[in-house]
Amino acid sequence: MQRSGMLPWFGRIYEETKRISPILELVQIIDSGSGRFRRRDLTALFEISERMIQKDLYVVRKGLKLTLGRSAQG
């Protein structure tokens, strides 16, 4: 057997896992009830762009069907 062809799906699964892990961490932080979080605060915490935070929050709202509140401050 060739090593390069043994697990052709592994790379895809690894990439999906890398994407899901921060989303689950985001849900855990929000669920901790330690206050309100602005997108700006979350970008600093996760060291990613505000656009990526918006995408992650969209996954939480639509994909996981969890209700999140919004404020005028973001």
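A few notes on this one:
- Taking 0.36 nm per residue of separation and subtracting the Cα-Cα distance, full extension of the segment from residue 59 to residue 36 would add 6.4 nm.
- Intensity falloff of the range 8-63 expressed as log10 I(q)/I(0), Debye formula with alpha-carbon point scatterers, at q = 0.12, 0.17, 0.19 Å⁻¹: -0.30, -0.57, -0.69
- For the range 48-64, Karplus couplings with θ = phi - 60° (6.51, -1.76, 1.60), whole Hz, Gly/Pro x: 9, 6, 5, 4, 5, 4, 4, 5, 5, 5, 5, 4, 5, 5, 8, x, 8
Computed from the coordinates by the stated procedures, all read-outs in this text should not be read as laboratory data. Note that the structure is a prediction, hence the values are computed from the model and not measured.
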